[in-house]
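The values are calculated or read from the model by the stated rules, or taken from the named source; none is laboratory data. Model, not experiment: these values are computed from the prediction. Cβ sites come from the backbone with ideal geometry, for glycine too, and all protein chains shown count toward neighbours. When the accessible area is computed, the model is the full protein with side chains, heavy atoms only, and any ligands, DNA or RNA have been set aside. Shrake-Rupley method; radii C 1.70, N 1.55, O 1.52, S 1.80 Å.
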Amino acid sequence: MVKEDTKKANPKEEEPMKIYDKYMYKSQEKIKNIVLIIAVFIIGFIAGYASEINTINKLNKEINDLQENVSSDQNN
């Protein structure tokens, strides 16, 4: 009951803290969303880059196989 009495006696002291908490919460949520967007972009970029490297390696292997087939056909 002592706590309730002090809250009733000084209601104006709590208001600035609530406003500050709301501001901090909103700022924290904005920063969290920005970090999430950046993380998703970076993960997507890395996945796309890895996929491109894999595709290039497959194409190089196909080219080498075709060149070997052509050179073996020319020798016969």
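Quick one: Karplus J couplings for segment 60-68, per residue in order, coefficients 6.51, -1.76, 1.60, θ = phi - 60°, nearest Hz, x for Gly and Pro?
4, 5, 5, 5, 4, 4, 5, 5, 5
Please give the per residue accessible area of segment 15-76, computed with a probe of 1.4 Å over protein heavy atoms only, in Å². Each step should come with its number before you reach the end.
Details: 5990 Å² over 62 residues.
Solvent-accessible surface per residue comes out at 97 Å².
If you take the beta carbon distance between K18 and V40 as r and set R0 to 35 Å, what does 1/(1 + (r/R0)^6) give as a FRET efficiency, to the nearest 0.05?
0.60
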